[in-house]
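Undergrad: Would you mind keeping the following structure in view while I ask a few things?
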Amino acid sequence: MRRLVFYALLSTLISVWGCRKDVETFRPYGSSIADIDLLLGQLPDASSVTVFNFPAGLATDSVLSTANGIRVHLTDVDQLFVRAGDGASVALSNCGAIQIEVTEAFRPSDILGRKLSTATTSQTLLESGGIVRVRAFCSGQALELAPDRTLKIQITTAQDALQPDMKVYNAVFNPDQSFAGWTDSGQEVYWAGWPTPQGQKVGYELIVENLGWVNCGKGIDEQSTAFCVTLPIAYDIENTQVFAVFKGRRTVHAMVYDDVREAFCLPDAPIGYLVQVVTVSKAGNRYWLGSKETEIGNNATISFSPEETTQDAVLAFLKSL
């Protein structure tokens, strides 16, 4: 109701101000969500993507290591992959050129930029130990894992940061290819150690059955509550995106607009967790950024006002999260 009153008031003001040349009249804009998505797409760091090229095929087992501590094990390489689409077997030793692409989403800005909110398809929040995607190509043709094969991926992690009860979660996408959430594969994640030239390393070991995005994660099983943020009336689902970035945890989730509360909400937020709420808005060529840190309490609703800023400032802030 308050939005109807607001827009009625705007219409009245436009009529009153229409003949005044010294006052800039209100100019309505269409949805800017797609523009915000394009902006967020600039967040992932170039170092989060590593491409391994083998110009004359690959005949031996190999371990591919990225600068950020991901290890991908290619084992029994001539039986590992099939061609995407028709499922024909592909022997890597016979490929003219092989490309293996490893993409990581570890930082909040990478997760935001790739729109990979850390929640299941049923909206259970996840604490992530790392999100990884592996893609493989033979002479430019996309490959998939053979039905009876798995791929081992290791994620280097500090010893004191290792969490028990992690599982492999697979990404689920809507028919329009937008990200829908994560689903539990049922595959346990193991702790492992391995030697490197820099010394012994430890981390998570994932056994995956499909190429694509996988998440080493576990559900946050805590008492929960609705947690919402109300913004001034001009900020709505047509021009604003709101995110909850959990402090000290790799948990990032988009907050959804609730028509009843007239607020952006997480319906099942864990009580007692520290969170930073971030808002990004766009109207015309102008940007607004909002941020507030708080602790989630019982049926908590917070309010604050975004401030106008520049596109570069929005990107710099989000990359600093």
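The values are calculated or read from the model by the stated rules, or taken from the named source; none is laboratory data. No experiment lies behind these values; they were computed from the predicted model shown. Glycine also receives a Cβ, built like all others from the backbone with ideal geometry; neighbour counts cover every protein chain displayed. Heavy atoms of the whole protein, side chains included, go into the accessibility calculation; ligands, DNA and RNA do not. Shrake-Rupley method; radii C 1.70, N 1.55, O 1.52, S 1.80 Å.
Undergrad: Considering only segment 275-321, state which residues are closer than 19 Å to SER31 by Cβ, in a loop (DSSP other than H, G, I, E, B) and open to solvent by 60 Å² or more (accessible area, probe 1.4 Å).
TA: If the condition is that a residue be closer than 19 Å to SER31 by Cβ, in a loop (DSSP other than H, G, I, E, B) and open to solvent by 60 Å² or more (accessible area, probe 1.4 Å), then ASN285 is the only one that fits.
Undergrad: Continuing with this model, one more query. Assess whether GLY18 counts as being exposed (fewer than 13 other Cβ atoms within 10 Å of the Cβ), within 28 Å of PRO232 (Cβ to Cβ), modelled with pLDDT under 95 and of a type in the set (Gly, Ala, Ser).
TA: yes
Undergrad: I'm told ALA56 meets every condition in (1) modelled with pLDDT of 95 or more; (2) farther than 26 Å from PRO267 by Cβ; (3) of a type in the set (A, V, I, L, M) except one. Can you identify the failing condition by its number?
TA: (1)
Undergrad: So in segment 225-261, with the set limited to residues that are touching a Ser or Thr at 6+ places or on another chain (Cβ under 7 Å) and assigned to a loop (DSSP other than H, G, I, E, B), which one is farthest from GLU293 (Cα to Cα)?
TA: GLU238
Undergrad: Here's something else I'd like to know. Would you check if there is a residue in segment 189-210 being within 18 Å of LEU151 (Cβ to Cβ), polar (S, T, N, Q), touching a residue at least 60 places away in the same chain (Cβ under 8 Å) and open to solvent by 50 Å² or more (accessible area, probe 1.4 Å)?
TA: yes
Undergrad: Across segment 242-273, which residue is nearest to the chain's Cα centre (by Cα) among those that are of a type in the set (Lys, Arg) and surrounded by 15 or more Cβ atoms within 10 Å (Cβ to Cβ)?
TA: Top of the filtered list is ARG250.
Undergrad: List every residue pair whose Cβ atoms sit under 9 Å apart, with the two residues 6 or more apart in sequence or on different chains, where the first one lies in segment 284-295 and is among the small types (Gly, Ala, Ser) and the second, anywhere, is open to solvent by 100 Å² or more (accessible area, probe 1.4 Å).
TA: GLY284/ARG27; GLY284/TYR29; GLY290/GLU307
Undergrad: Continuing with the same structure: So, of the residues in segment 37-62 that are of a type in the set (Val, Ile, Thr) and either assigned to a helix (DSSP H, G or I) or more than 29 Å from GLN241 (Cβ to Cβ) (or both), which turns out to be least open to solvent (accessible area, probe 1.4 Å)?
TA: Only one residue fits best here, namely VAL51.
Undergrad: Name the pairs whose Cβ atoms lie under 6 Å apart, with the first residue in segment 214-239 and within 25 Å of PHE106 (Cα to Cα), the second modelled with pLDDT of 95 or more and among the hydroxyl-bearing types (Ser, Thr, Tyr), and 6 or more positions between them or separate chains?
TA: Here the result reads ASN215/SER128; ASN215/TYR169; CYS216/TYR204; GLY217/SER128; GLY217/TYR169, each pair linking segment 214-239 to a residue that is modelled with pLDDT of 95 or more and among the hydroxyl-bearing types (Ser, Thr, Tyr).
Undergrad: Restricting attention to segment 213-224, and to residues there that are out of contact with any Pro (no Cβ under 7 Å at 6 or more places or on another chain) and outside any loop (DSSP other than H, G, I, E, B), which single residue is surrounded by the most Cβ atoms within 10 Å (Cβ to Cβ)?
TA: Result: ASN215.
Undergrad: A further question on this structure: For segment 63-81, what are the residues that are open to solvent by 20 Å² or more (accessible area, probe 1.4 Å) and in a loop (DSSP other than H, G, I, E, B)?
TA: ALA67, ASN68, THR75, ASP76, ASP78, GLN79 - these are the residues of segment 63-81 that are open to solvent by 20 Å² or more (accessible area, probe 1.4 Å) and in a loop (DSSP other than H, G, I, E, B).
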